[in-house]
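I have placed the structure first, in the form of structure tokens, so that the comments after it can refer back to it.
The values are calculated or read from the model by the stated rules, or taken from the named source; none is laboratory data. Predicted model only: the values in this text are computed from it and were never measured. Every residue, glycine as well, gets a Cβ built from its backbone with ideal geometry; the counts of neighbours run over all protein chains shown. Only protein heavy atoms, including side chains, enter the accessible area calculation; ligands, DNA and RNA are left aside. Shrake-Rupley method; radii C 1.70, N 1.55, O 1.52, S 1.80 Å.
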Amino acid sequence: MIKQSAKGILGMFLMLSVFTACDSDDPEPVNEEELITTVELTFTNDNDASDVVSASFTDLDGEGGNDPIIDNISLMANATYTLTVKFLNEEETPAEDITEEVEEEDEDHQVFYVATGAEFTYAYGDQDSNQNPLGLTGTVTTGAASNGTLQVILIHEPNKTAAGVRDGDPTNAGIESDIDVTFNLSIQ
């Protein structure tokens, strides 16, 4: 009789375990990455407000479809510009401004500007709530006439305390980019 009771208790325990395992609480919300179809850069010359250069990357059908449309950037030599960037999802109507989400989740994002071959330096003009760089606005200083590229990278959940990250080097920031675009850059 004791063996039968022990089997019964064990059976009830197993059934409770199964029901508990099947019981689902509210599922964890998934923070899906936003689709970014468009990156808009605006350079405004600090000494000549009429010198405004706009350049954009547009890829409305995403990776693997048609080639993206990428404007070339041409800036004056030995000048200082205020740079702003905007991220959009133009698959939505009206277009969804992803920049707002980047601002709201500032601790989880950082924009990097990596110039190669051209005399171009970028200094962050904004910070997240922890006083770490964000990169939606900043100051660009150009040097002598030169040609190269400008890579714009929006990294999701970067390691903002890693070596070089505060100075704009994405090497140790992390590998999860929301978007990574390369523009041709001419300093004239």
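For the range 41-69: of the residues being assigned to a strand (DSSP E or B) and open to solvent by 70 Å² or more (accessible area, probe 1.4 Å), which is farthest from residue 151 (Cα to Cα)? Ranking the qualifying residues of the range 41-69, first place goes to 52.
Could we say that residue 84 is within 20 Å of residue 155 (Cα to Cα), more than 17 Å from the chain's Cα centre (by Cα) and at pLDDT 95 or above here?
Values: within 20 Å of residue 155 (Cα to Cα): yes; more than 17 Å from the chain's Cα centre (by Cα): no; at pLDDT 95 or above: yes.
No; evaluated as a whole, the condition is false for this residue.
Filtered by the rule that a residue be closer than 17 Å to residue 80 by Cβ and assigned to a strand (DSSP E or B), the range 130-185 gives 137, 138, 139, 140, 141, 142, 146, 150, 185.
Just to be sure, is residue 141 under 17 Å from residue 41 (Cα atoms), open to solvent by 30 Å² or more (accessible area, probe 1.4 Å) and in contact with an Asp or Glu (Cβ under 8 Å, 6 or more places away or on another chain)? Against the criterion (under 17 Å from residue 41 (Cα atoms), open to solvent by 30 Å² or more (accessible area, probe 1.4 Å) and in contact with an Asp or Glu (Cβ under 8 Å, 6 or more places away or on another chain)), residue 141 does not qualify. A Cβ distance below 7 Å, combined with a sequence gap of six or more or placement on separate chains, defines the contacts here; from the range 107-130, residues that are at pLDDT 95 or above and open to solvent by 70 Å² or more (accessible area, probe 1.4 Å) reach residues that are in a strand (DSSP E or B) and not β-branched (Val, Ile, Thr) in the pairs 116/148; 119/146; 127/133. Scanning the range 66-106 for residues being touching a strand residue (DSSP E or B) at 6+ places or on another chain (Cβ under 9 Å), touching a residue at least 24 places away in the same chain (Cβ under 8 Å) and more than 14 Å from residue 56 (Cα to Cα) gives a total of 16.
Within the range 150-165, the set of residues being open to solvent by 30 Å² or more (accessible area, probe 1.4 Å) and touching a strand residue (DSSP E or B) at 6+ places or on another chain (Cβ under 6 Å) comprises 151 only.
Please determine whether any residue of the range 71-81 is charged (D, E, K, R), at pLDDT below 90 and in a loop (DSSP other than H, G, I, E, B).
Going through the range 71-81, the residues charged (D, E, K, R) turn out to be 71.
If we keep only those that are at pLDDT below 90 too, we end up with none.
No - not one qualifying residue is present in the range 71-81.
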